[in-house]
Structure formats: structure tokens, C-alpha cells
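First up is the structure itself, then whatever we jot down about it.
The values are calculated or read from the model by the stated rules, or taken from the named source; none is laboratory data. Not measured: the values here are computed from a predicted model. As a convention, Cβ positions derive from the backbone with ideal geometry for all residues, glycine included, and neighbour counts pool all protein chains shown.
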Amino acid sequence: MARQFLPLAISDQISPARKLALIVLVEMERKDSYANLLLRKLLKRKFLPTRERGMVTAIVMGVVKMRLYLDHIIQHFCKYPLGDLPIFARNILRMAAYELIFFNHPAPVVGNEYVKLAKSFEHKGIAAIVNAIVRRMGEEWQKVPIPSLNEDPVEHISITTSHPRWMVNRWVKFFGVEETLALCRSNNEPPPLCIRVNLKYTERELVAKALEFQCKKIEPSLWLPECLRLETTTDVTRLNGFISGLFTVQDEGAMVVPYLLEPKPKDVIIDACAAPGGKTTHIAELTKDEAEIIAVDSHPSRLKLVEENARRLKLFQIKTMLGDWTELASQFVNSADKVLIDAPCSGTGTLRRKVDARWRKSDELITQLRELQTKLIEASATVVKKNGIIVYATCSLEPEEDEEVVKSFLERHPEFVLEDANTFLPSEIPDAVTGKGFLRLFPHKHNTDGVFAARLRKVR
């Protein structure tokens, strides 16, 4: 059933929620701002009832995510290229199309609301264009032609799921049409809220009990003993136990990666790209805070997040070090039992969390990051002792950043071997490990972020 955030009676007053949503969308386009940051900033300045704040967020995030699809629909009814329309008019039409299609609001009400906005931010001529387009869209948007999946699978998936064509084309090549369609559809669904219970200080069942009156639903993970999936309208930082460090927020897929390290008390473990500290603190929890952990990051402000998270979770064996791992690694030759490289990457596995991220990626970015990823894993080769472990991980779905980086490293370093990730998982995760032994999690298969990881052992 479509969500209806406001009473649908026609009024002469401009809806504050729609007005603020329009301002956010225009500012994003003008300044290339991030949707979540700008939305948070502007909502702090405006007093709006909870229902209207929800509508602002739903419209902004929905329009940003579905922009390509909305533009395809609108362009069918518009005589002018959308890029030639004034910026306010363009975003007014996107908002109107979103309400018509995804909220199923009546066309007369939608037309009235957005004509008022057009008159306020543009002029009568633009208002007339908005009125005509919205009226026709209300009657005929479902008839707008889109290539069928059989006719042009890449174009069909790109338009209907609102993903850049270049991205869809890559995924069809790597994963096939049906998998890509399922993946792109999954990227448009909200991700679950997962928390990682701090097993050094408490138990999962006790945290679940403490949260039962603040959450609509609490489900234990099928795979991980420390993970709970929650449904709640309460700010997570206000949930019972957060401030006292009994849990932290982390995607379930990200929680799997530290298991590949097989961390143990007394190990010397280096997290080479540690910020903001999710995996670092998880490693500490898995070792009951009895391993020596060195958290490295090149950004001072982000390294502080590692320290803040460690303090809140009451983990005291994490030491932080500021700097570039490719330069610092020479200080640690043959000194580490394990190294985690959670490499900077394109992040194509996290698109459902970051609605505007799909429009910020490119083939060129993937190529550029490959060089950095190679340097990071190369720098780690001399750091681990004999029989030591390197775990290389990303939140990318792109083979160039994942399997190819690892395979190239192994070709240069015959002293390392790839070990099957299945052996080190806390429980069986269906279809999570490839035939070669790489960990690969997908949003549409596992309801996690897209995750890649490889475990490498130094055998001589």
C-alpha cells in the first residue's frame, strides 16, 4: 500500500514538507552535495512535525534514487529536454512524478501542490508547463514505453531500477541478466538495521531483552552469534545499552570479515585501513580484548572515530597510528600475526545505504582505485610472519578491485596461498563462498551489503 504522509485535501497553502524537499534537491544539484548530509543539516534548521519530516526524507531520498527512471517518464511528456528547464522546474517535476508513481497520490492533488511550488519559485509560464505535464503523467505514465528485458536487458534494467547504464552493463557481463536485475532491485530496498552485540561484556539474548520495548521487531542473525536485526523508529544512539557500549551498529556482511582473520588472544593484528573502526573493534571483541591491535588510518578525524568507538565499547588494547599504510608498513617487517586490509574501494556493494552514490561512481574510479588497492596489499607482504594471515576485503562488487587484485598479488608472491573462506565462517552461509574460496556476499542473496574478502596465508 502506498504511503500517504499528508492529508490529501487541496489547499491554497504551500506544503512546508514539499517546499523543503525542493530546496534540498536544488541545493544538492547546484553544489553536488551529499543527500543525507544536506537533508540532516536543513531539517535541523526547520521545525516540522514528525510526519512532515518523514515526507521530506521520503521524497528527497526517493527522487535522488529513482532519478533516471523519473526523468525517463517525465521526458515522454515534456517538449523540452529536461536539462534545458530551470533547475527548480526540473526538480518540481521529479517530485511530482515520484508522488504520482510511488505514493499513488491523486493527480489533481499532486498537480495543485506542484503548481503552487512552481508559481512560488518560478513564474506562471513554468507553472503552466508543470500543470500540463503532471496532468498528462497522472493519466498516462504507465503507458510510457520502456525496452523489454528480452529486447534490451541493459536498458530495461537501467531505466526501471534507476541505475547508470555503464554500471548495469558491467554487472550483466559479470553476473548475468537475472542476477543483475535482482541486485538492482535489491539496491532500491531499505537495508536492515543490524547491531553487533559486544560479547566481551554481555550476551545477545540480554541485549534483545533490553531492547524489546523500543523495537517493533528483533531477530537474531542466522549466521553470527553477535548480530541482531532490528526494526525501530527510535534513534539508535538512544536505544538501551548503546551509550554504555553493549552494542554498536554494523552491517551483518561487514561482521563476517573479521572471522576470516581467525583472531586469537595474544595475536599482533594490524588493521591497515581502520576508520571508522567497525572491524577493528569487532576483532577486539572476538579476542576478548586480549590481542594487540594496531589501527592505522591516514585521516586524523576518522582515526578519532576509531578511538571514540573503542572507548564507548570499553576496548583498551587498540592502539591507533596516523599515517599511510603503504609508507608505515616498513616499520613492521615480520612483526604481525595478522593484517586486515579493508581497502578503499568504489563501494558498489553499499548502494542501498547511500542513495546518491550510484551517480558518483564511474569506470575511471574503479581503475584508479585498483592502483591504491594493489599498493596496500603489496605493503603487507613483508609485515606478516611465516604462517601469518592477510585478509583483503572490500565493499565492492567489481572483480577488478577484488579477485583480480588478489590473483595478481599471488602471482607476484608465491610465498602466499589462498585459503578457503568456508573453513573460517562462524556458521554455514549459503552461496557465500565462490568455487575459488573467496567470500562474496550480495544484497539480493544475503540481505547484506555487497562484501568481498580473501584470506591469504604466508607459507614461507
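Identify, by number, the condition in (1) in a loop (DSSP other than H, G, I, E, B); (2) more than 19 Å from the chain's Cα centre (by Cα) that ILE283 doesn't meet.
(1)
What strands (runs of 3 or more DSSP E) lie completely within the stretch 156-241 and have 2 or more residues being more than 19 Å from the chain's Cα centre (by Cα) and not acidic (Asp, Glu)? Show your work before the answer.
Details: elements: 193-197, 217-220, 227-231.
Hits in the stretch 156-241: 217-220.
In the stretch 434-458, what residues are of a type in the set (Phe, Trp, Tyr) and within 23 Å of PRO263 (Cα to Cα)?
Within the stretch 434-458, PHE438, PHE452 meet the criteria.
What are the residues in the stretch 218-243 that are over 30 Å from GLY437 (Cα atoms), in contact (Cβ under 8 Å) with a residue 24 or more places away in the chain and among the hydroxyl-bearing types (Ser, Thr, Tyr), if any?
THR232
Looking at (1) closer than 26 Å to PRO16 by Cβ; (2) touching a residue at least 24 places away in the same chain (Cβ under 8 Å); (3) surrounded by fewer than 18 Cβ atoms within 10 Å (Cβ to Cβ), which one does HIS123 not meet, given that it meets all the others?
Result: HIS123 passes all but (2).
Could you tell me whether any residue of the stretch 412-428 is part of a helix (DSSP H, G or I), over 20 Å from ASP271 (Cβ atoms), assigned by TED's automatic domain parsing to the domain that holds GLU371 and among the polar types (S, T, N, Q)?
yes
With surrounded by fewer than 20 Cβ atoms within 10 Å (Cβ to Cβ), of a type in the set (Gly, Ala, Ser), assigned by TED's automatic domain parsing to the domain that holds ILE23 and within 24 Å of SER33 (Cα to Cα) as the only criterion, which of GLY83, GLY62 stands out?
On inspection, the qualifying residue turns out to be GLY83.
Are there any pairs with C-beta distances below 8 angstrom linking a residue in the stretch 268-284 that is in the same structural domain as PHE316 (by TED's automatic domain parsing) and hydroxyl-bearing (Ser, Thr, Tyr) to a residue that is part of a loop (DSSP other than H, G, I, E, B) and buried (at least 24 other Cβ atoms within 10 Å of the Cβ), with the two at least 6 apart or on different chains, and if so which?
THR280/ALA274; THR281/LEU313; THR281/LEU315
Do any residues in the stretch 133-159 that are at negative phi have Cβ atoms under 8 Å from those of residues that are of a type in the set (Gly, Ala, Ser) and part of a loop (DSSP other than H, G, I, E, B), where the two are at least six apart or on different chains, and which pairs are they?
Listed pairs, sorted by first residue: HIS156/SER148.
Given the residues LEU211, LEU149, LEU206, LEU181, which is the only one that is under 16 Å from LEU397 (Cβ atoms) and aliphatic (A, V, I, L, M)?
LEU181
Condition first: of a type in the set (Val, Ile, Thr) and over 35 Å from the mean Cα position of the chain (by Cα). Now tell me which residues in the stretch 116-133 satisfy that.
ILE126, ILE129
Assigned to a helix (DSSP H, G or I) and within 19 Å of HIS163 (Cα to Cα): which single residue out of ARG358, ARG370, ARG352 fits that description?
Step by step, each of ARG358, ARG370, ARG352 is checked, and only ARG358 is assigned to a helix (DSSP H, G or I) and within 19 Å of HIS163 (Cα to Cα).
Looking only at the stretch 382-391, which residues are touching a helix residue (DSSP H, G or I) at 6+ places or on another chain (Cβ under 8 Å) and under 16 Å from VAL296 (Cα atoms)?
Listed by number, the residues that qualify are VAL383, ILE390, VAL391.
Tell me, which residue of the stretch 229-243 that is charged (D, E, K, R) and closer than 19 Å to GLY54 by Cβ is modelled with the lowest pLDDT?
This residue is ASP235.
Is it fair to say ASP324 is buried (at least 20 other Cβ atoms within 10 Å of the Cβ) and charged (D, E, K, R)?
Values: buried (at least 20 other Cβ atoms within 10 Å of the Cβ): no; charged (D, E, K, R): yes.
In short, no.
Report every pair of residues separated by at least 6 positions or lying on different chains whose Cβ atoms are under 6 Å apart, first residue within the stretch 379-394 and at pLDDT 95 or above, second among the basic types (Lys, Arg).
VAL384/LYS458; LYS386/LYS458; GLY388/LYS458; ILE389/LYS338; ILE389/ARG457; VAL391/ARG455
Looking only at the stretch 393-421, count every residue that is polar (S, T, N, Q) and under 26 Å from ASN187 (Cα atoms) and tell me the total.
Number satisfying all stated conditions: 2.
Restricting attention to the stretch 429-460, and to residues there that are in a loop (DSSP other than H, G, I, E, B) and over 27 Å from the mean Cα position of the chain (by Cα), which single residue is surrounded by the fewest Cβ atoms within 10 Å (Cβ to Cβ)?
Ranking the candidates gives ARG460 first.
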